[in-house]
Amino acid sequence: MGSPHTQGGNPMMNSCTVCRQDLRLDQRRISLPAVFTFLTLVVAGARDNAFGASEAASYAYDAARGEKLYAANCSACHQASGEGVPSAFPPLKGSPVVNRDDATKQMHVVLDGLQGARVGGVVYGNAMPPFGETLGDADIADIVDYVRSSWGNHGKPVTAAQVAAERTAAR
């Protein structure tokens, strides 16, 4: 029979008007690229739990995956070029935080978000959302490593285990 939110009992294939209304962008703020990326990774079996505990143990940087995750989660603000948007979103290209040997601050910014960043004497008032509750350790490591190795950046790579340790330390 199905619930009031489905037709024919298949909630994934036959959504009703009520369900479609719940996802309307003019009523709710939903990051569709982030939702798509999350669902793709879950379906592919890339995540065993909400924080990717098993990912950390078997992590190996995947540049193509890092680029896709960056495009889905970061490029709207920081741009595909990593140059950001003047006075709105800071550049990642050439960023001192990105190019430091110690990536702790960069990992925390991705995990916890940030508002009021000062880069090169410019304060960026727009908030960066936290991704710690929506992305796993390997996802964040791939994004951080992609940024640290793109656009002429030269920061040392991180591992999913390092991200997991920073996630735990922040609690």
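Miscellaneous remarks
- Flag for residue 161 being touching an Asp or Glu at 6+ places or on another chain (Cβ under 6 Å), in a helix (DSSP H, G or I), farther than 16 Å from residue 101 by Cα and not β-branched (Val, Ile, Thr): no
- Note on segment 123-158: residues that are in a helix (DSSP H, G or I) and among the aromatic types (Phe, Trp, Tyr) amount to 1.
- When segment 115-127 is filtered for residues that are in contact (Cβ under 8 Å) with a residue 12 or more places away in the chain and surrounded by fewer than 17 Cβ atoms within 10 Å (Cβ to Cβ), the ones remaining, listed by number, are 115, 119, 122, 126, 127.
- Hits in segment 88-111 (condition: surrounded by fewer than 16 Cβ atoms within 10 Å (Cβ to Cβ) and among the charged types (D, E, K, R)): 100, 101, 102, 105
We did not get these values from a lab; they are worked out from the coordinates using the rules stated. Please read all numbers here as calculations on a predicted model, not as lab measurements. With ideal geometry, Cβ positions are generated from the backbone for all residues, glycine too; neighbour counts draw on all protein chains shown.
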